[in-house]
Amino acid sequence: MAINLRGKSLLTLLDLSPEQIRYLLDVSHNLKAERTGFQVYQRFQGKTLAMLFEKRSTRTRCAFETAFGEEGGHPVFLSSADIQLGVKESIEDTARVLGRMFDAIMFRGFSQEMVEALDDYSGVPVYNALTDLYHPTQVLADLMTIEEHTGELPGLSLVYAGDGRNNMANSLMIGCAKMGLDCTILAPKELQPEGGLLERVRGVAADSGCEIRITDKLTEAIPGADIIYTDVWASMGEEDKAKERIKLLTPYQVNQEMLDMAGNDVLFMHCLPAVKGQEVTYDVIEGPNSVVWDEAENRKHTIKALMVATLL
Ligand code: CP
Ligand code: NVA
C-alpha cells in the first residue's frame, strides 16, 4: 500500500502506523545520503514554517530551521517573548492567524493541549517539537540512528534508565512498541510510567510482537540490552525538582559498570543536552559506545523527511 502523509500533523508517535514510521525512516536515510553527496534541492521554495518556542532549544530549532531553509523555504522563529500568544491572544486565535499565513507550524512548549489546539484550529500540518508529554521527532532520529549502527530495529532491546515519566520515556516506549523493539523502563517506583499510557503502549507492542517492561532493578533490566538510553533527571520546567531527582536517580546513572553489565556491544544514546556526571558519566558519553552526535545530526534528516512527506 502506498504511504501518503500529505497534510498530516505529528503530535505524538501514536498518530503514525508502523508502516508510516518505516516510510519516514526510509526517506530520512535517502535525504541524508543526498546531503552527504552535496546534492541540493529546493523542495520548500515558496513555503513558510512558523516555529513557536516557549522553551529553549539547540538541536530541534536548528534542525527545523536549516532543513526548511536549505530547501528554499522561509522558517520564522517566534519565541513566546515575541508574539501575543498567552499574553493578549488565545491559542485558538493564534492558530487561525498562523494557518492563514504559513504552510506548517512547529511548536515547542509545555502542554500537549497547546499543540493539539494548534492542530485543531490552524488547518495546516502541526509538528510537536517537544511538550512535557512527548518528543516524537527525537524518537524518529533515535530509530534512524539505531538502524544505522545495527542494521535493524525489530528484536532489539532498548533500556531507558532515568525519569520514566518524562517526554522521552513516553515517546521511546511508543516508538519501540510501534517498530518491534523490546523496551524496558528502568526507574525508581516514584518515576515509573503513568498507567493509562503504559496500557495503551502495551497494546501497540502486542501487535508488533515486542514487550514493554518496567522495573527498578538494574539486574532485571540491563543484561542483554542492545541500547542504553538516558535523559536529564530534571526536564525543562522542572528545575525545582533537581535536588530530589539526584537522590532518586543516582543509582540509575549510566556508567561503565552499567555498560559492562549489558554483556553486549551496547550502544549508548541520549537526546541531549546532557548533564555529564549526573545521568551519564563523562567516560561513557565520550566513549566508544556513544552515538550521541550521530543522533543529534539525524534530528535534521528525520525532521526534513517529516516535512517532505507532509508538505509536498
Ligand atoms: N534533543 C533536543 O530536543 O535538543 P534541544 O532541546 O536542543 O532541541
Ligand atoms: N526531557 C528533556 C528532553 C530535552 C530534549 C526535557 O524536556 O527537558
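All of the numbers you see were taken from the coordinates with simple rules; none came from a lab. Everything numeric here is computed off the predicted structure, so don't read it as measured data. All Cβ positions, glycine included, derive from the backbone under ideal geometry; neighbour counts span all protein chains shown.
Label positions at Glu238 and Thr250, each projected 7 Å from the Cα along the C-beta direction, are separated by 1.9 nm. Calculated mean residue ellipticity at 222 nm for the chain: -13500 deg cm²/dmol, from DSSP H runs with n ≥ 4 weighted as -39500 (n - 2.57), summed, divided by the residue count and rounded to 500.
Using the alpha-carbon centroid of each, what span in Å lies between the range 1-15 and the range 158-210? Here the two parts' Cα centres lie 21 Å apart.
Set the bar at 18 Å for Cα to Cα. Now go through Lys276/Lys300; Lys178/Lys217; Lys8/Lys88; Lys243/Lys276 and name every pair that lies beyond it. Pairs exceeding the cut-off: Lys276/Lys300; Lys178/Lys217; Lys8/Lys88.
Computed over the range 138-293, the quotient of the alpha carbon radius of gyration and 2.2 N^0.38 Å is 0.95. Loop-resident trypsin sites (Lys or Arg not before Pro) (DSSP state other than H, G, I, E or B) in the range 147-218 with no more than 13 further Cβ atoms inside 10 Å of their Cβ: Lys217.
Taking 0.36 nm per residue of sequence separation and removing the Cα-Cα distance, the Asn30/Phe110 pair yields an extension gain of 25.5 nm.
Site pair Arg56 and Asp294 shows an inter-label distance of 2.8 nm when each label is modelled 7 Å from Cα along Cα→Cβ.
Relative contact order for the chain: 20 percent, from Cα pairs under 8 Å spaced at least 6 residues apart, divided by residue count.
How long are the three semi-axes of the equivalent ellipsoid for the range 202-284, computed from the Cα gyration tensor as the root of 5 times each eigenvalue, in whole Å, largest first? Each semi-axis is the square root of five times an eigenvalue, giving 23, 18, 12 Å.
With the simple spin-label model, which puts each label point 7 Å out from Cα in the Cβ direction, the Ser80 to Leu272 separation comes to 2.6 nm. Once the gyration tensor of the Cα atoms in the chain is diagonalised, the equivalent ellipsoid follows with semi-axes of 31, 22, 18 Å, ordered largest first. The separation of the range 50-66 from the range 229-284, counted between C-alpha centres, amounts to 24 Å. With R₀ set to 45 Å, the beta-carbon distance separating Val97 from His149 gives a calculated FRET efficiency near 0.55. Taking other C-beta atoms within 10 Å as the exposure proxy, Phe38, Phe53, Phe44 rank Phe38, Phe53, Phe44 from fewest upward. When only the Cβ of Lys, Arg, Asp and Glu is charged (+1, +1, -1, -1), the dipole of the chain relative to its Cα centre reaches about 700 debye.
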